Amino acid sequence: MFRKILIANRGEIAVRVIRACRELRIPTVAVYSEADEGALHARMADEAFGIGPAPSVESYLAVEKILDVAQRAGADAIHPGYGFLAENAGFAEAVEDAGITFIGPSPAAIALMGSKVESRRAVSKYDVPMVPGTLDPIGSVADALETAAGIGYPLMLKASAGGGGKGLRFVASADQMESALRTTRAEAKAAFGDDAVYIERFVERPRHIEIQVLADRHGNAIHLGERECTIQRRHQKVIEECPSPIMNPELREKLGQAAMRVVEAASYYNAGTVEFLVDQDLNFYFLEMNTRLQVEHAVTEAVTGIDLVRQQIEVAAGNELKIRQQDVTMRGAAIECRIYAEDPDNNFFPSPGRISMLRTPSGPGIRDDSGVYAGWTVPLEYDPLLSKLIAWAPTRADAIARMSRALDEYQIGGIKDNIAFFRQLLDHPAFIAADFDTGFIDRWLGERSKGVTNGMGERDRDMALLIATVFHSRQNSPEANHPAAPTANAWKLAGRNEQLLRKP
Amino acid sequence: MFRKILIANRGEIAVRVIRACRELRIPTVAVYSEADEGALHARMADEAFGIGPAPSVESYLAVEKILDVAQRAGADAIHPGYGFLAENAGFAEAVEDAGITFIGPSPAAIALMGSKVESRRAVSKYDVPMVPGTLDPIGSVADALETAAGIGYPLMLKASAGGGGKGLRFVASADQMESALRTTRAEAKAAFGDDAVYIERFVERPRHIEIQVLADRHGNAIHLGERECTIQRRHQKVIEECPSPIMNPELREKLGQAAMRVVEAASYYNAGTVEFLVDQDLNFYFLEMNTRLQVEHAVTEAVTGIDLVRQQIEVAAGNELKIRQQDVTMRGAAIECRIYAEDPDNNFFPSPGRISMLRTPSGPGIRDDSGVYAGWTVPLEYDPLLSKLIAWAPTRADAIARMSRALDEYQIGGIKDNIAFFRQLLDHPAFIAADFDTGFIDRWLGERSKGVTNGMGERDRDMALLIATVFHSRQNSPEANHPAAPTANAWKLAGRNEQLLRKP
Amino acid sequence: MKYTALVGTEKIEIDLHSAALPTVRARVGDREYELELREIEPGLFWFCVDGRSIEATVLPNGEGYTVRLGTKYVRLELLDRRSQLRRLGAGDTDKLAEIRASMPGKVVKLLVVEGDEVKAGQGLLVIEAMKMQNEMRTPRAGTVQKVAVPEGMTVKAGDLLAVVN
Amino acid sequence: MKYTALVGTEKIEIDLHSAALPTVRARVGDREYELELREIEPGLFWFCVDGRSIEATVLPNGEGYTVRLGTKYVRLELLDRRSQLRRLGAGDTDKLAEIRASMPGKVVKLLVVEGDEVKAGQGLLVIEAMKMQNEMRTPRAGTVQKVAVPEGMTVKAGDLLAVVN
């Protein structure tokens, strides 16, 4: 097993990895940027090293700095988390070249699956169905328009190096192509350093379902069932479930087998996720493979009981997988809500700033994988994900009820969050009936009430106004907050007056 | 289902019940004493009513007041939690007489099992093995000495109405009898309002193992496996596990069957626990039945996936048990640590007071069932249980590692707690090997280091002293805590001086 | 102390008799209230009324507050005499569109220069925060009168970005 | 500012050069330290030294403090000049046993009266807190010189309960 593991990441995923290492009794090394001085992941690690200014390119993406810390600290393995360098084949290669184990797949597998084009080419030989589209990156606007005409609108523009909902655009008709291409290229360049973009046919009302896989370096591979990731906003997942409400054992078996063929096509090892689109008739199409841990890995952990981060570390250390396919059993249902610092009532704009108050939920079936704490200032520079809240229960309906209960307990002060948005979403009949597709949230947001109140009665509103007024008046007269202060001042004043009187 | 449920309890168990009700979407009514103004359970309930002064007899044990609140609020069911009125047959009867459902067994079953004597008499007819001892309460000291001579020392004195480790005394020899009898009677009187005491033979190095049962009012009953509760201090459980490390399927089946016969003997319904002593040869003896939810119920929930409080409510509402015996599957291992406000280095004296800081653990497999919050003042009057921390993992070894990790994350400021004690206990080779009996802790406490430090190196000690000094000096010069203050004062002073100068 | 609360377009007069916790008293509109209010921590209050146990959180929100009672919320602006006067003095800006940052972030791209003619809905500049890019658009057609920020500048929520007339 | 830390029977001199966060400096014994100390919240500090990431909690403990660094702790008393003088001025109490409350609680029963002869280990009174009863015992044989509390009284940790000489 490893002597020491460096986590080349920040926030809740760095905390998640540190927890797994602690349970394996492996010392951890955190890195942090200047914006992350005092961040939870740095506090929790056994060792912590500053690696430079806030912008990611100068810290969390600075390969040389991270390798330097690893060597100075004597770390013999690096866990990349997700995002940042997690799917950067060059980084994985540099790590291995430095004689350090990269906790993830081979650089070759990352490179292959990181290219939408190459990955589809490789997978197409293994009898895995795919959505019609271009395999090669498109060139000019004119080229794009010509190719699009062949496939037909509506269609999707996708960054070749993309993932996690970044670098994706829906194009309804030809007149949107120019603007869509520009923004997609710009986002792709900014997010992934590569502006290659390809075109794909748009599947009507699809579900987004992904299969978790685990493989060791000895040729053993298993799948751990699916995750339902259909609920997305602007192509970014907001809520995930395990199992998928539309799943049946036959479809799961078929998807699992397809995922195993993708693993074979990429000579894949470590944890990975094979994403599929599933249409209304339960036809499925290979989308891409994520060659890293997913944000939503915890719903699979809740249902299968398997600690994926621990498995990643064990497989990376060269151990054989101890779990065989027949050992994987799914029990109950789990849901994850991604708690973001953002304002759902203002177009989900991010809301960085100081967390003045934090009350996290717990109790039966609840797990809060957080990266923040009360008093922490959420930096402007990074992803606004504060925490992943996971609810497990014997049935999907119970898990929804439990998640609602937990959301009611969750209180974050000082910044805006999307907790109330989730609370409303979980009450939506279409969500409860699991009758949704990837466009559900964007359609629903149009109808959702965003008024000055969500149906508070007059008496309650009066009391709310009263309490706001009390809060306001106390904020603006600090003495009210320190009952002792006025007395002390009066005392001093009296003393001073006395002195003045006595002087002459 | 019920319209509204009143919870006749406080602290973490009231919070636990409120959570179950929320998930069932049943409104809740909390009651609170004057010492519990602002307590977490009162804040979390939909309704909350003050019921009088801090002493339990004037509030949480005041049957009339509680029934009055239930009727005023329109509650049609009462959950008693554990402790207080949970095993008071008179209360259960008064509740039912008021036309309200008692969420628990019948008054007759409570009364029967509440009497150690009557319960053993009833159970003895159902082929359940028992430890030799008196069935009837003992009288004078002289009577006790005579009876004891017949059974032989060492032996146990037990309050007939006792439970939860209260009203229990080990008597090594005849000369301890008088003092032991006096204290046991006094504690029994204070805790249960009944000073009847009986004698039982002391079983050498026993394990304490209990079986969770669930029964409906239609004659269906199941058992949900065992809990290992051997780790006790002064006969009070401190750490519990599911499954028991010594369990095998045959013994589990035998214990389960015996528990089912106890259920039959008491015509029992709702949740209950049948406690057994298990000796070194795996012989088992019926100890008692707890006719309520146990503090340690959550380890069973973690392993079976069944929400026991929810089942209690459903069964009380008259529903048939939906779970059959063959549906009960045990997965992995769970451990519970009872986080108390007490000082393990000072004979475990309780440590009430204000919680100045609270950092609770979370992450995979961790559940924190707490009844407190940062800023809350833990009252002097009640049990010092702050929270129950539960760790689940695929194996016992993993659950121990996970619990250790969670304990490291847990930080409570302002009062003393037993977290460091648990941390040390989990590292003990005998605990890791599961080679212990009910006397383990009391023996270990003798050897445990209680020095001024637990092996901190010199450099770290120096830094610790430095930090204490910084803290001390800042505490004693309040300006240091408010960097803005001195500047502001200097400003005002300057202004004042100027005015003085300008006046003439 | 007297305040005016603005809830959407509705104005409610509040006369705060006492803000000394725990007993707070006020007239809201024409109704008198007295609450036993406990401050659990700054911005988090708990009180009981008619048996109901209610937690209230007060969150500063731009120039006003959002108050949550359980799962219900109300947004308000609170005007004391001074801010009322200021508000009354503000000129008519109907003929101008002031484009303000609705989030903190960094200006990563300017899409127009002063003097450009723009259509309603046209993008003026791009702001990035926490890896999200957002095109700030003009709500009306007209001429870009002012671009108030250079590329690379970090802005706070509410900062003026551009003016279109 | 100079202090003396008492760790068990060991005395360590501390010269605190600067307590202004984040940079604190002090000589401890004959070693100089400089730490970049962040106060996460009152009593909870974080710092890095030689790469190690360390959380330290400071918990007031009777007349001293318990400091935890990770899972290790140290208990100390901190004497400034005033408390050192007080301590030096205290008389020799070896011939007396002062029985003090080691926990907050309520005196529920007195087992002796003043003038009683007691054996070492004999119970003097019973204190109850949080449902726990504890017999407070005398560490030495002698005569009960004083019973300082009546039945029913609530006491704090450290309060004098009785004196045996």
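The values are calculated or read from the model by the stated rules, or taken from the named source; none is laboratory data. Please read all numbers here as calculations on a predicted model, not as lab measurements. Here the Cβ positions follow ideal geometry from the backbone for every residue, glycine too, while neighbour counts run over all protein chains shown.
Of all residues in the stretch B:36-52, those satisfying the criterion of being within 17 Å of B:Ile355 (Cβ to Cβ) and either among the hydroxyl-bearing types (Ser, Thr, Tyr) or surrounded by fewer than 20 Cβ atoms within 10 Å (Cβ to Cβ) (or both) are B:Glu37, B:Gly38.
Scanning the stretch D:122-165 for residues that are closer than 23 Å to B:Lys166 by Cα and not in a strand (DSSP E or B), we see that the one that is modelled with the lowest pLDDT is D:Lys131. Please enumerate the residues belonging to the stretch B:379-403 that are acidic (Asp, Glu) and not in a loop (DSSP other than H, G, I, E, B). Answer for the stretch B:379-403, where residues must be acidic (Asp, Glu) and not in a loop (DSSP other than H, G, I, E, B): just B:Asp398.
Taken as a whole, the structure leaves A:Ala420 outside the set of residues that are crowded, with 21+ Cβ neighbours inside 10 Å and either at negative phi or touching an Asp or Glu at 6+ places or on another chain (Cβ under 7 Å) (or both). Taking residues in the stretch D:28-47 that are in contact (Cβ under 8 Å) with a residue 12 or more places away in the chain, and partners anywhere that are among the charged types (D, E, K, R), the pairs with Cβ atoms closer than 6 Å and at least 6 places apart or on different chains are D:Val28/B:Asp462; D:Phe45/D:Glu39; D:Phe47/D:Glu36.
Would you mind stating whether A:Met330 is more than 8 Å from every other protein chain (Cβ to nearest Cβ), surrounded by fewer than 22 Cβ atoms within 10 Å (Cβ to Cβ) and more than 19 Å from the chain's Cα centre (by Cα)? Please lay out each step first, then the result.
Details: more than 8 Å from every other protein chain (Cβ to nearest Cβ): yes; surrounded by fewer than 22 Cβ atoms within 10 Å (Cβ to Cβ): yes; more than 19 Å from the chain's Cα centre (by Cα): yes.
When the stated conditions are applied, A:Met330 passes them.
Here the condition is being of a type in the set (Gly, Ala, Ser), away from chain A (no Cβ under 14 Å), assigned to a loop (DSSP other than H, G, I, E, B) and over 13 Å from B:Arg461 (Cα atoms); of D:Ala20, D:Ala26, it holds for D:Ala20 alone.
Looking at the structure I just gave you, is A:Asn418 out of contact with any Leu (no Cβ under 9 Å at 6 or more places or on another chain) and either at pLDDT 85 or above or closer than 30 Å to A:Arg205 by Cβ (or both)? Spelling it out, A:Asn418 is indeed out of contact with any Leu (no Cβ under 9 Å at 6 or more places or on another chain) and either at pLDDT 85 or above or closer than 30 Å to A:Arg205 by Cβ (or both). The single condition among (1) crowded, with 17+ Cβ neighbours inside 10 Å; (2) part of a loop (DSSP other than H, G, I, E, B); (3) touching a strand residue (DSSP E or B) at 6+ places or on another chain (Cβ under 9 Å) that A:Gly451 does not satisfy is (1). Considering the stretch A:246-292, the residues that are in contact with a helix residue (DSSP H, G or I) (Cβ under 9 Å, 6 or more places away or on another chain) and part of a loop (DSSP other than H, G, I, E, B) include one that is nearest to A:Gly318 (Cα to Cα), namely A:Tyr269. Being within 11 Å of chain B (Cβ to nearest Cβ), under 25 Å from the mean Cα position of the chain (by Cα) and either surrounded by fewer than 19 Cβ atoms within 10 Å (Cβ to Cβ) or not β-branched (Val, Ile, Thr) (or both) is a property that C:Pro42 has. Applying the criterion of being outside any strand (DSSP E or B) and facing another protein chain (nearest Cβ under 7 Å) to the residues of the stretch C:1-17, the residue that is surrounded by the fewest Cβ atoms within 10 Å (Cβ to Cβ) is C:Gly8.
Identify all residues within the stretch A:397-411 that are in contact with a strand residue (DSSP E or B) (Cβ under 6 Å, 6 or more places away or on another chain) and either facing chain B (nearest Cβ under 10 Å) or of a type in the set (Asp, Glu) (or both); write none if there are none.
The first filter runs over the stretch A:397-411 and keeps only residues in contact with a strand residue (DSSP E or B) (Cβ under 6 Å, 6 or more places away or on another chain), leaving A:399, A:402-403, A:406, A:411.
If the condition is that a residue be in contact with a strand residue (DSSP E or B) (Cβ under 6 Å, 6 or more places away or on another chain) and either facing chain B (nearest Cβ under 10 Å) or of a type in the set (Asp, Glu) (or both), then A:Ala399, A:Arg402, A:Met403, A:Ala406 are the ones that fit.
For the stretch B:164-175, the criterion of a residue being buried (at least 21 other Cβ atoms within 10 Å of the Cβ), in contact with a strand residue (DSSP E or B) (Cβ under 6 Å, 6 or more places away or on another chain), more than 21 Å from B:Glu118 (Cα to Cα) and modelled with pLDDT of 90 or more is satisfied by at least one position. Close Cβ contacts (under 6 Å, 6 or more residues apart or on different chains) running from residues in the stretch B:44-59 that are more than 11 Å from every other protein chain (Cβ to nearest Cβ) to residues that are of a type in the set (Val, Ile, Thr) comprise B:Ile51/B:Val31; B:Ser59/B:Ile51.
Can you tell me which residue among A:Arg182, A:Arg252, A:Arg234 is surrounded by fewer than 19 Cβ atoms within 10 Å (Cβ to Cβ), under 20 Å from the mean Cα position of the chain (by Cα) and more than 14 Å from A:Leu287 (Cα to Cα)?
Details: A:Arg182 fails: under 20 Å from the mean Cα position of the chain (by Cα); A:Arg252 fails: under 20 Å from the mean Cα position of the chain (by Cα).
Answer to the check: A:Arg234.
Taken over the stretch A:191-212, the residue count meeting the criterion of being crowded, with 21+ Cβ neighbours inside 10 Å and within 18 Å of the chain's Cα centre (by Cα) is 5. Each residue in the stretch A:404-433 was checked for being part of a loop (DSSP other than H, G, I, E, B) and of a type in the set (Gly, Ala, Ser), and 2 of them qualify.
Scan the stretch B:441-463 and tell me whether some residue there is more than 11 Å from every other protein chain (Cβ to nearest Cβ) and under 30 Å from A:Ala302 (Cβ atoms). Looking for residues that are more than 11 Å from every other protein chain (Cβ to nearest Cβ) and under 30 Å from A:Ala302 (Cβ atoms), one finds none in the stretch B:441-463, hence no. Taking the stretch A:7-105 and the strands (runs of 3 or more DSSP E) fully enclosed by it, the elements with 2 or more residues that are within 22 Å of the chain's Cα centre (by Cα) are at A:28-32, A:77-79. Note on the stretch A:341-356: among residues that are more than 9 Å from chain C (Cβ to nearest Cβ) and either acidic (Asp, Glu) or under 11 Å from A:Asp417 (Cα atoms) (or both), the one that is surrounded by the most Cβ atoms within 10 Å (Cβ to Cβ) is A:Pro344. More than 9 Å from chain D (Cβ to nearest Cβ) and of a type in the set (Asp, Glu) - does that describe any residue in the stretch B:379-396? Scanning the stretch B:379-396 turns up no residue that is more than 9 Å from chain D (Cβ to nearest Cβ) and of a type in the set (Asp, Glu).
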